[in-house]
1. Have a look at LYS126, LYS138, LYS160 and point out the one that is touching a residue at least 12 places away in the same chain (Cβ under 8 Å) and of a type in the set (Lys, Arg).
2. Which residue out of ILE444, ILE435, ILE449, ILE418 is in contact with a Pro (Cβ under 9 Å, 6 or more places away or on another chain), of a type in the set (A, V, I, L, M, F, W, C) and surrounded by 15 or more Cβ atoms within 10 Å (Cβ to Cβ)?
3. Tell me the helices (runs of 4 or more DSSP H) entirely within region 102-198 that contain at least 1 residues that are within 16 Å of the ligand (Cβ to nearest atom), among the charged types (D, E, K, R) and over 23 Å from GLY16 (Cβ atoms).
4. So ASP458 clears everything in (1) out of contact with any strand residue (DSSP E or B) (no Cβ under 6 Å at 6 or more places or on another chain); (2) touching a residue at least 12 places away in the same chain (Cβ under 8 Å); (3) surrounded by fewer than 18 Cβ atoms within 10 Å (Cβ to Cβ) except one condition, right? Which one?
5. So, in region 469-521, of the ones that are surrounded by fewer than 17 Cβ atoms within 10 Å (Cβ to Cβ) and assigned to a strand (DSSP E or B), which residue ends up modelled with the lowest pLDDT?
6. Failed condition for GLY349, given (1) farther than 27 Å from LYS542 by Cα; (2) out of contact with any helix residue (DSSP H, G or I) (no Cβ under 7 Å at 6 or more places or on another chain); (3) in a loop (DSSP other than H, G, I, E, B); (4) away from the ligand (no atom under 16 Å from the Cβ), with all others met?
7. Please determine, by comparing only the residues of region 415-444 that are part of a strand (DSSP E or B) and within 16 Å of the ligand (Cβ to nearest atom), which one is nearest to GLN569 (Cα to Cα).
8. From the list ASN312, ASN323, exactly one residue is in a helix (DSSP H, G or I), within 26 Å of PHE15 (Cβ to Cβ), at pLDDT 80 or above and under 40 Å from the mean Cα position of the chain (by Cα). Which is it?
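The values are calculated or read from the model by the stated rules, or taken from the named source; none is laboratory data. None of these values were measured; they are calculated from a predicted model. With ideal geometry, Cβ positions are generated from the backbone for all residues, glycine too; neighbour counts draw on all protein chains shown.
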Amino acid sequence: MINLNKYLSQIRSYFGFYYQYIGFGILKLFLLSSLVGLMDGLGLAMFIPLIEISANPEEAGNLELGKFGWLLQLVKSIGLELNLGIIFAVILAFFLLKGLGKFFQMVLLVKYISSMVRTIKLSNAKGLSELNYVEFTKMDLGQMQNLLTQETTKTVSSFKFFSAILQGLGLLIAYLTLAFVSTPQFAVIILFAGAFLQLLFLGVFKRIKNVSTQIVGSHNSHFTLILQMLVNLKYLIATSAAYGYFEMIRNNTITLEKQNVKIGMMQAFTVSIREPLIIAVVIAAVGIQFTFFETELSQIALSLLFFYRGLNAASGLQAAFANFQGVAGSLQNMQHYQKEIESKRRKGGAVVFEGLKTGIRFKEVSFAYGKKEVLHKINLDIQKNQTVAIVGESGSGKTTLMNILSLLLPPSSGQLLIDGEDAVRLDPATFQRKIGYITQDPVIFQGTIFENVSLWGDPSPENLEKCWEALRAAEIADFVQQQPADLQTLVGSNGMSLSGGQKQRISIAREIYKKPELLLMDEATSSLDSTTEQAIQTSLNKLKGKHTIVIIAHRLSTVRNADKIVFVQNGAIDESGTFQTLIQNNTDFKKMVELQHL
Ligand code: ADP
C-alpha cells in the first residue's frame with residue numbers, strides 16, 4: 001500500500017512537472033489520441049459491410065453491423081444509399097479524420113517539446129545567474145554541466161515517452177470502448193490481459209528505472225572528471241599524473257557502458273516479448289469466444305480487430321513506459337535540481353542603487369564559512385572616489401572582504417552600509433551593475449577582442465573608439481593593432497591564445513571601458529612583468545580620484561599611492577592608514593615592506 005502511494009505521488013509529481021511547462025496540453029494530447037483511436041476503430045468497423053457487400057451486392061439494403069448498426073443508419077439517414085462506393089467514401093472519411101487528428105497531435109507534440117526545451121534551458125540559466133554565490137562555491141561543476149546539457153535533453157525526451165504513454169492510454173480507452181460496445185465479454189478479456197501484461201513487466205520496469213538513476217550518477221561523475229581534466233590538463237601532463245587520472249575515467253566509462261548495456265537489454269526484452277504474448281492472448285480469446293459464447297463470425301472478426309488493436313495499444317503503452325522509466329532518473333534529477341536552485345537563489349532587497357553618493361562603510365562586519373569565522377568585526381570606511389588598498393598575508397580574509405563588498409557574500413553579522421543604507425535592502429544587481437572587477441584569474445570569453453572589452457556591445461564607431469582608448473590605457477593597443485583582424489581578432493578557447501599578461505590587460509581594458517563607479521582589483525597586475533605593470537599602474541593612477549577603487553595587493557609597490565591602506569591579519573583589521581603612517585606604526589607591515597625590498 002505504501003508502495004502504491006509512493007508510486008501515485010511520483011506520477012503526480014511527473015504530471016506536475018510537465019504541467020508547469022505545457023499546462024492542459026497533456027489533456028489535449030490525450031483527447032486527440034482517443035479521437036485517433038475512435039476514428040481508426042470506426043473506419044475498421046466499416047470494413048465488415050464492405051466485405052459483405054462485395055460478397056453479396058444485392059443484400060446492400062439489409063446490412064447489419066451488430067452494435068454499430070447505427071453507423072449504417074447514420075449513413076442512410078443523410079440520404080445516402082448503401083453501396084460499395086459510399087462505404088468506401090465513409091471509410092476514407094474516417095481515416096482522413098484519423099490522419100487529421102494524428103497531424104494535430106504530432107504538431108502539438110513538437111510545439112510542446114520545443115517550448116519545453118526553451119523554457120527548461122532558460123529557467124536553468126536564469127537560476128544559475130541568480131544563484132547565491134556561497135551555494136555556488138559548494139556545487140559540483142561537472143554535475144551542473146551534465147544537468148544543463150545532457151540531462152536537459154533527456155528530460156525533454158522523457159516527455160516524448162510520457163506523451164507516448166498518454167497516446168497509448170488514449171488509444172487503449174478508445175478501443176476498449178469500441179470493444180465494449182461491440183462485445184462486452186471481449187472488453188473484459190482485454191482488461192484482464194492488459195492488467196496481466198502490466199503486472200508481468202512491473203519488476204522489469206522498476207529495475208530499468210534504478211539503472212537509469214545510476215546512469216545519471218555516472219554521467220555526473222564523467223562530466224566532473226572531464227571538466228577537471230580540461231582545467232588542469234597542463235599539470236596532469238607535465239607531472240605524468242594524467243595516467244592515474246585516465247584510469248579513473250576508464251573505470252567510470254566502463255561502469256557507464258555496463259549500465260547502458262543492462263538497460264538496453266531490459267528494454268529489448270520488454271519490446272521483443274510483446275508480440276508473442278499478444279498472439280498468445282489473441283488465440284486464447286478467440287478460443288474462449290468460440291467455446292463459451294455463440295457469436296456471429298462477422299462480430300468476432302470485428303471484435304478481434306478491436307482486440308488486436310487494443311492489445312497493441314496496451315503493449316505500445318508498455319514500451320513507452322519502459323522507455324520512460326529509462327529516462328525517469330533524469331527527470332527526477334532535473335526536478336530535484338530545479339528545487340535546489342530555487343532554494344539557493346540569491347536574496348536581495350528592492351531598493352534601486354542609483355550611484356554612490358558618499359561612501360561605503362563596513363560596520364562590525366564578521367563572516368563565517370560554516371562555523372569557521374574568517375572575518376572578525378571589520379570596521380572600515382571607503383569614501384567615494386577614494387583608493388583603498390587591502391594588504392595582508394594569504395588566507396587573511398582579503399578576498400572574502402572583497403566578496404562582501406561586491407555583495408557576493410552577505411555578512412554573517414554586522415552591516416555593510418552603502419551611502420548609509422544597509423546593503424541587504426539594496427537590489428544587488430543594480431549595485432553590481434556599477435562594479436568593475438579585475439580578478440586574479442583574468443576573465444576571457446570566447447569571442448572577438450571588441451566583444452571581450454565591450455561585453456558584446458554594439459560595434460558603433462563611438463564604441464569602437466572607446467574600445468581603442470581602453471586598450472591604450474591598459475597598454476595592449478599595440479598588440480591588438482598587430483593582429484590581422486585587430487579588434488575583431490578571435491580570442492578564447494577557439495581563438496588565439498593569449499599570454500597571462502595579455503589576458504590581464506584585456507580584462508583591465510574591459511573595466512576601463514565600462515567606467516565603473518566602484519573598481520575592484522584582486523592582485524590585478526600580478527601576472528605582469530614589472531615594466532608592463534608600471535605602465536598599467538600609470539594608467540590606473542589616472543583613474544584615481546575619479547572612481548572609488550579597492551585593490552587587494554601582495555606587491556606593496558603597487559599601492560604606495562593609495563589614499564588608505566588596510567592591513568588585514570587573521571580576519572581582522574590590524575591597522576589602517578597611509579603607506580607612511582603604517583610603516584611608522586605597524587611593525588608587521590614594516591617587516592612586510594622590508595621583505596619586498598621597497
Ligand atoms: P585571502 O584573499 O586573504 O588569501 P580569503 O578571503 O580567500 O583570503 O580566505 C580567508 C579564509 O577563508 C581562508 O582561511 C580560506 O581557507 C577560507 N575560505 C575561503 N573561501 C572559502 C570557502 N568557499 N569555503 C570555506 N572556507 C573558505
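1. Only one candidate passes the filter, namely LYS160.
2. Working: ILE444 fails: in contact with a Pro (Cβ under 9 Å, 6 or more places away or on another chain); ILE449 fails: in contact with a Pro (Cβ under 9 Å, 6 or more places away or on another chain); ILE418 fails: in contact with a Pro (Cβ under 9 Å, 6 or more places away or on another chain).
None of the others qualify; the one that does is ILE435.
3. Qualifying helices (runs of 4 or more DSSP H): 133-138.
4. Of the numbered conditions (1) out of contact with any strand residue (DSSP E or B) (no Cβ under 6 Å at 6 or more places or on another chain); (2) touching a residue at least 12 places away in the same chain (Cβ under 8 Å); (3) surrounded by fewer than 18 Cβ atoms within 10 Å (Cβ to Cβ), the odd one out for ASP458 is (2).
5. If we take residues in region 469-521 being surrounded by fewer than 17 Cβ atoms within 10 Å (Cβ to Cβ) and assigned to a strand (DSSP E or B), then MET496 is modelled with the lowest pLDDT.
6. Of the numbered conditions (1) farther than 27 Å from LYS542 by Cα; (2) out of contact with any helix residue (DSSP H, G or I) (no Cβ under 7 Å at 6 or more places or on another chain); (3) in a loop (DSSP other than H, G, I, E, B); (4) away from the ligand (no atom under 16 Å from the Cβ), the odd one out for GLY349 is (2).
7. Start the filter on region 415-444 by keeping residues that are part of a strand (DSSP E or B), which leaves 415-418, 421-422, 426, 435-438.
With the extra rule that they be within 16 Å of the ligand (Cβ to nearest atom), the set shrinks to 416, 437-438.
Working: LEU416: 20, TYR437: 23, ILE438: 23 Å.
So the residue we want is LEU416.
8. Numbers: ASN312 fails: at pLDDT 80 or above.
Selected residue: ASN323, the only one of ASN312, ASN323 that is in a helix (DSSP H, G or I), within 26 Å of PHE15 (Cβ to Cβ), at pLDDT 80 or above and under 40 Å from the mean Cα position of the chain (by Cα).
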